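Heads up: the structure comes next, in structure tokens.
The values are calculated or read from the model by the stated rules, or taken from the named source; none is laboratory data. All of these numbers come straight from a predicted model, not from anything done at the bench. Neighbour counts are summed over all protein chains in view; Cβ atoms, including those assigned to glycine, are modelled from backbone coordinates with ideal geometry.
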Amino acid sequence: MKLHFQRLGQGKPLVILHGLFGSLENWGLQARALSERFDVIAVDLRNHGRSPHSPGMTYADMSADLKALLDSLELDRVLLMGHSMGGKVAMQFALDHPERVEKLVVVDIAPVHYPPHHDDVIQGLKAIPLTTLKSRREADQVLARYVDSEPTRAFLLKNLYRNDARQFAWRMNLDTLAEDYSDISAAPDSANTHYGGPTLFIKGGESDYLKPEHQRPIETLFPQAKFKIIAGAGHLPHVEKPAAFTKLVETFFTPAD
């Protein structure tokens, strides 16, 4: 598995991982802002973006993918940040290879199993007739029957592209994401009992992904965990409140003078 990535900036290496149905492009604004201080490596996880399609979506698989990427780049130790599913991958990697993670940021997700909550999204995406689709507007009209939120539909439809035959296709591996959704919903799991490095959990104030009852499992696995809330943001605080998010991350990742 050779993951696709983009790299910009100079400084300590900072690896950024996106969420389910996303890609490294979701982090474009933050990557550019953070590249002023860090060597930013934004990654497409397997079955997403321009990375290869492959069976399997376990966090062990994706942790191994990330290790292979860091090995290929000859990076022994990195700053690591992930959002949602990418946050679970980041947690898994930190548990599997604690010596390779200097600091960890987890954005709006906990190391727990989440009940299925993307059924409408998956049904809507599968309902889009790719072979006869004429436009993104037509795709949006189909998806709107399943997904009310226009920003969510716009986010999902970023996965559409025209292939060499000029037909619409998905960059993500939709079939595998649907088939292996139970693995994506699962909690990270590792033989190591905890990651002892500095860890920051960032919650969107309007999001319900991080709940009070998640504090104990978080602190069990990440005993140095700290928590910050970005007011007025939902599940995408890095998109909805970019300036506040950048300041929070820079402060955490940059040692005090």
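Among the residues of region 97-135, how many are free of Cβ contacts under 8 Å to residues at least 40 places away in the same chain, surrounded by fewer than 16 Cβ atoms within 10 Å (Cβ to Cβ) and among the charged types (D, E, K, R)?
Residues in region 97-135 being free of Cβ contacts under 8 Å to residues at least 40 places away in the same chain, surrounded by fewer than 16 Cβ atoms within 10 Å (Cβ to Cβ) and among the charged types (D, E, K, R): 4 in total.
Among the residues of region 207-216, which ones are exposed (fewer than 14 other Cβ atoms within 10 Å of the Cβ) and assigned to a loop (DSSP other than H, G, I, E, B)?
Asp208, Lys211
Return yes when His214 is in contact (Cβ under 8 Å) with a residue 40 or more places away in the chain, within 30 Å of Pro129 (Cα to Cα) and in contact with a Phe, Trp or Tyr (Cβ under 9 Å, 6 or more places away or on another chain) and no when it is not.
no
Yes/no matrix, rows are residues, columns are (1) within 12 Å of the chain's Cα centre (by Cα); (2) of a type in the set (Val, Ile, Thr); (3) under 26 Å from Pro98 (Cβ atoms):
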position: Met1; (1), (2), (3): no, no, yes
position: Lys12; (1), (2), (3): no, no, yes
position: Gly19; (1), (2), (3): yes, no, yes
position: Ser23; (1), (2), (3): yes, no, no
position: Gly49; (1), (2), (3): yes, no, no
position: His53; (1), (2), (3): no, no, no
position: Thr58; (1), (2), (3): no, yes, yes
position: Ala64; (1), (2), (3): no, no, yes
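Would you point out which residue out of Glu179, Glu138, Glu150, Glu206 is closer than 28 Å to Ala244 by Cβ, of a type outside the set (Phe, Trp, Tyr) and modelled with pLDDT of 95 or more?
Details: Glu179 fails: closer than 28 Å to Ala244 by Cβ; Glu138 fails: closer than 28 Å to Ala244 by Cβ; Glu150 fails: modelled with pLDDT of 95 or more.
Criteria check complete, one pass: Glu206.
Residues checked against (1) hydrophobic (A, V, I, L, M, F, W, C); (2) without any contact (Cβ under 8 Å) to a residue 12 or more places away in the chain; (3) out of contact with any strand residue (DSSP E or B) (no Cβ under 6 Å at 6 or more places or on another chain); (4) more than 24 Å from Val89 (Cβ to Cβ):
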| site | (1), (2), (3), (4) |
| --- | --- |
| Glu150 | no, yes, yes, yes |
| Trp170 | yes, no, yes, no |
| Asp175 | no, yes, yes, no |
| Glu179 | no, yes, yes, no |
| Ser190 | no, no, yes, no |
| Gly196 | no, no, yes, no |
| Tyr209 | no, no, yes, no |
| Lys226 | no, no, no, no |
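Any chance region 81-89 includes a residue that's touching a Pro at 6+ places or on another chain (Cβ under 8 Å) and in a strand (DSSP E or B)?
No, there is no match, as no residue in region 81-89 is touching a Pro at 6+ places or on another chain (Cβ under 8 Å) and in a strand (DSSP E or B).
Does region 21-44 hold any residues that are in contact with a strand residue (DSSP E or B) (Cβ under 6 Å, 6 or more places away or on another chain) and crowded, with 23+ Cβ neighbours inside 10 Å, and which are they?
Result: Leu24, Trp27, Leu34, Phe38, Val40, Ile41, Ala42, Val43.
Looking at Glu138, is it farther than 30 Å from Arg216 by Cα, out of contact with any Phe, Trp or Tyr (no Cβ under 7 Å at 6 or more places or on another chain), free of Cβ contacts under 8 Å to residues at least 40 places away in the same chain and loosely packed, with under 13 Cβ neighbours inside 10 Å?
Details: farther than 30 Å from Arg216 by Cα: yes; out of contact with any Phe, Trp or Tyr (no Cβ under 7 Å at 6 or more places or on another chain): yes; free of Cβ contacts under 8 Å to residues at least 40 places away in the same chain: yes; loosely packed, with under 13 Cβ neighbours inside 10 Å: no.
Considered against the rule, which asks whether it is farther than 30 Å from Arg216 by Cα, out of contact with any Phe, Trp or Tyr (no Cβ under 7 Å at 6 or more places or on another chain), free of Cβ contacts under 8 Å to residues at least 40 places away in the same chain and loosely packed, with under 13 Cβ neighbours inside 10 Å, Glu138 comes out as no.
Within region 227-234, is even one residue assigned by TED's automatic domain parsing to the domain that holds Gly86, over 22 Å from Lys103 (Cβ atoms) and more than 19 Å from the chain's Cα centre (by Cα)?
Yes; the residues of region 227-234 include at least one that is assigned by TED's automatic domain parsing to the domain that holds Gly86, over 22 Å from Lys103 (Cβ atoms) and more than 19 Å from the chain's Cα centre (by Cα).
Say we look at region 217-248 and pick out the residues that are out of contact with any His (no Cβ under 6 Å at 6 or more places or on another chain), aliphatic (A, V, I, L, M) and assigned to a helix (DSSP H, G or I); which of these is modelled with the lowest pLDDT?
Out of the qualifying residues, it is Val239.
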